[in-house]
Amino acid sequence: MSFKLASVSAIAIGIMASSAFADTISPESFEASLAVGESVTITKTVVVEERGTSAALIDAHFLFDTSGSMGGAIANAKTAASSILGALSAFGDLSSGVGVFSERALPTDAIRSGLSTTDATTIAAINAVTLGDPDGGGDYPESGDTAINEATIGLDWRLGSNRFVFVLSDASMKGTDEATVLANLAAEGVSVIGIQFGSNCFSGEPGECSLTESVAALGGTTFSGGTSPADIVAAVTAGITGSFANYSTVNVSDLGAGLPEISVSTTCLTADIGVCVGDTAVGAFDRSTDRTFTFDVTFTRVAAGDSAFLTRALVDGGIVASEKDSFPAAVVPLPAAAWMLLAGLGGLGFASRRRKAA
């Protein structure tokens, strides 16, 4: 998953697009009664629309530099994070968390508040961020690389989510070696976004001397924190919109939600301008137009019991649309002998009532 910086001229377009997103998967629901061992196959159609998605899962973690040099900027950083949090909800289902770092970044620092779908929980964690916690910091760089790595491997990312770590700092980063951080970011599908408050670069200093350089080394993009929080939100929102503009894979999956009762398998049937490879449509796709993909989805009952779950449309592994499938427990038919026995018992009851009446 990559994060693309949108130009200032694209900001307004990105904001409007993010509020009108609507990828779809149909049929919107399906229900069948299956006995153990029975299967049913239906065709599901995914439309990846030009205007985007309103059902994307977004996981966003905010990492605050709390070292002393952030004294004049920490309030702005907290305001910016709260504003970004509100803007991201336009993309669909948002989960968010908070961490801090300075000279050191232990796992308990990098994840002060785990991912939560309750915005109020994250807002409370943002408000609890204080300068000098955990250790006040000294000369930069600060342990941002370690904090990013600990958050990446330690957070409970949701299946199919689009994952972002926001780093709000005024300094370059150190700690866990960048090759390790890059490998873990790639393995978890996490994009890094920097919000730069001021700059601690000294003339002639070797190596990375700003957050922008450190984030770029991790394949991320940095926005200036010197502007108003509203401008930061607009730029970040437009950038995330851009990150959904191009895609290379589309598929359908329940992500294991049907088990243990229902097993789900998928076969790609049509792939718009791309090709089908097993269960996945593969190609160089973009949102210049609506694109349609079809899949045969086979449901097999492997255990008894009621089952209702969501089947998802995934673009580049991220959920963009969902529909509900229901499989009520099958009614076990009585054998013929049992029906005869019940009929006989019913007849005896009727005869008994007649004798009493007589």
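Placing a pseudo-label 7 Å from each Cα along the Cα-to-Cβ vector at Asn246 and Thr117 gives an inter-label distance of 3.3 nm.
Candidates Ile74, Ala105, Leu88 compared by Cα position along the dipole of segment 39-195: farthest toward the positive end lies Leu88, with charges placed on Cβ. The aspartates and glutamates within cross-link reach of Lys44, meaning a Cα-to-Cα straight distance under 20 Å and a gap of 8 or more places when in the same chain, are Asp23, Glu28, Glu31, Asp254, Asp272, Asp279, Asp290, Asp296, Asp316, Glu323, Asp325.
Expressed as a whole number of Å, what is the distance separating the alpha-carbon centroids of segment 47-123 and segment 260-294? Centre-to-centre (Cα) distance: 32 Å. Distant-in-sequence amide contacts of Lys174, defined by a placed amide H-H separation under 5 Å and a gap of 5 or more residues or a different chain, comprise Glu142, Ser143, Gly144, Asp145, Thr146. The accessible area of Leu106, taken with all protein chains in place and a 1.4 Å probe, comes to roughly 90 Å². Distances between placed amide hydrogens fall under 5 Å for Leu34 paired with Ala330, all partners being 5 or more residues away or on another chain. Summarising the label geometry, the points placed 7 Å from Cα in the beta-carbon direction at Asp296 and Val275 lie 2.0 nm from one another. Taking amide H as placed 1.01 Å from N in the peptide plane, Thr222 has its amide H under 5 Å from the amide H of Gly194, each at least 5 places away in sequence or on another chain. For a straight C-alpha distance cut-off of 14 angstrom, the aspartates and glutamates reachable from Lys174 (same-chain residues fewer than eight places away being disregarded) are Asp65, Glu103, Asp139, Glu142, Asp145, Glu150, Glu208, Glu213. With θ taken as phi - 60° and the Karplus curve 6.51 cos²θ - 1.76 cosθ + 1.60 applied, the whole-hertz 3J(HN,Hα) list for segment 29-36 is 7, 8, 9, 8, 9, 10, 7, 4 Hz, x standing for glycine and proline.
The values are calculated or read from the model by the stated rules, or taken from the named source; none is laboratory data. Just so it is clear, the model here is predicted, and its values are computed rather than measured. Using ideal geometry, Cβ is built from the backbone for each residue, glycine included, and neighbour counts are taken over all protein chains shown. What goes into the accessible areas is simple: the full protein's heavy atoms, side chains included, and nothing from ligands, DNA or RNA. Shrake-Rupley method; radii C 1.70, N 1.55, O 1.52, S 1.80 Å.
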